[in-house]
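Comments concern the structure below.
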Amino acid sequence: LSSAKAPKYTYAKLDSLKAGSVVNVYGVVVFFKQPFKSRGTDFCSSLKITDHSNEKIGCTIFCEKLEDHPKIFRNGDIVLFNKSITLVNTFGFSVVTFDGVKGAPVEPRTSSRSFHFDPDDQRTVEELRSWAASQALFASVTSTVPLSAVQPKAYFDLTCQLLAKAPVDTTCTLLRVWDGTRCPHTLLKVIVEPHVTEGQLSFSKERENLIADVLVYDNHVEVARKLKPGVFLRIYNLRAIAGSSTVPGLTRSQLQVDHLAFHLHGGTSYGRGIGILPDNSPDVQELKRYVFNDEHFSSVGWCLCSERSCGHDMQKVTLSEVKRSGLGRVHHVRAQLKAYEPHRLHEALKLYCSKCKSMQDVPDDELLESIFSEASKDCGPCSPPPWVLSGQVSLPRHAPGPSNRALTVYLLTQLMFEGSTLEEMCQLMASYQNIIPVRASGGHLSLFDLSAPFLFRGRKRYYGFTFFFHQESFFGVSAEDASANQEAQNSICQIMDSLCPPGGNVASWSEKLRMCALNLHVFFKKGQ
DNA sequence: TTAGGGTTTG
């Protein structure tokens, strides 16, 4: 970020550019293409920007590394260029992009390690946002549409998660995606060989109804090749077409007449392309609310394994053969489950502190009981902070423990109880929606340490630690071939990693956990 | 060097 010595850039208005000059500019993006491979050594980004002068200027950016290209996700984003020569980049080029939505945080998206950004720039971004909001800049371009609102024959941008992919032929790849919404039209299903599929092979009927099969062609095949299942994407200028006669590969054509197919045509015209959305982007956060909501997870996620069918005409193989054959294939094995750990699924979860990197078991009720009992012995006089209301509440008559026991209660936006035991806490849950357990410590109110829940809400308990799926803890399956055990473990771990690429931030662990849980389930099914 | 929006295959 800017230091005291940072140079003060001046930015040229777009209607004042002189041919051959080197300038810094900023502008609102009115058109863009995802970076594509040029015939030379670099990737090429193409965009058009405008500013208060209303002049629209095309920009061409050549950079070898994808991460150095402007991170543009939608029209309206605001870019700020340094050292561009008549808007073709040159040595010393850098770019910072901002969300163009009025009121959104002004968070720079850049690959530069150091960049200059001061209150003037912040003001510029905010002025551009207000100005752009008052203009009809993007009336004619495609927009992001959820699957639930897709119109046949229309071109649109789709924000989605990749679940699986498979090559169809040399010029076409199938991407199986979803956004958690249900398309009102029947979706065409492209049939591909299971052994070429990367990602999950089959899904429950419920989830299958939410999955769109997207066929991407030509130059997009290369981009698709690098995508990992689990990644969040925006596919630009996708086309929905009804009818199956035009779909390559194997389709159940007889049965799928007039079903909706999705095509990403070759070329980069109209900004056609595939963009990877970072996990922290607001669009991904929004999508996750659909994709990972509990209802889907319980009704769609967990049942997928039980619905997975096994063709018994497949030849049975030993686990050592599975071990040799690598990932992504379907096998038919019969193995005996000799032992497994942990015996209860929740023991595969650990509490993980991202700061100190410590990991510990999720406490069972017995342990929690002792933590709370210990704290309840020590509830001496305590001066609450002035901003909480305090009082006393009597326990229900049938509550355990000494009769006529009253607990001190503090009222915030939640209820905070001091000195209750775990059992009492559970009793109180019947009457109160949210409870934060607190204890007296040195005459002051304090929270428990992170090994106890900081919030009880209904039957849920919230921990300050992140739940972490402890991969090492759950294997122990033995079978015909002892060495296959280790390999099976590695395979499952690799599947997990492919679902959630390494380097994900802490927030992504909850997804990872869910994904892992699914795989764990599949694994035990296989074991049986 | 490369591309230089655009008139959309399957």
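With a 10 Å Cβ neighbour count serving as the proxy for reagent exposure, in which order, fewest first, do A:Ser94, A:Ser373, A:Ser45 appear?
Working: A:Ser94 19, A:Ser373 14, A:Ser45 22.
With the sparsest Cβ surroundings first, the list reads A:Ser373, A:Ser94, A:Ser45.
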**Complete:** Cβ density ranking, 10 Å radius, fewest first, applied to A:Trp131, A:Trp178 yields A:Trp131, A:Trp178
**Measure of compaction for segment A:107-212 (Cα Rg per 2.2 N^0.38 Å)** = 1.56
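Compute the normalised compactness of segment A:25-138: alpha-carbon radius of gyration over 2.2 N^0.38 Å, N being the residue count. Show your work: numbers first, answer last.
Working: Rg = 13.4 Å, N = 114, 2.2 N^0.38 = 13.3 Å.
Normalised Rg, Cα atoms only: 1.01.
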**Complete:** Quick note on A:Arg324, A:Arg461, A:Arg239, ordering by fewest other C-beta atoms within 10 Å, gives A:Arg324, A:Arg461, A:Arg239
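A:Pro119: net charge of surrounding residues, Cβ under 13 Å, Lys/Arg +1, Asp/Glu -1, itself excluded? Write down the numbers at each step before the final one.
Values: positive: A:Lys8, A:Arg123; negative: A:Asp118, A:Asp120, A:Asp121, A:Glu126, A:Glu127.
Neighbour charge sum, excluding A:Pro119 itself: -3.
Every read-out reported here was derived from the displayed coordinates using simple, explicitly stated rules and does not represent laboratory data. Quick caveat, the model's predicted, so the values are computed rather than measured. Because the Cβ atoms are built from the backbone with ideal geometry, glycine has one as well, and the counts that use them run over all protein chains shown.
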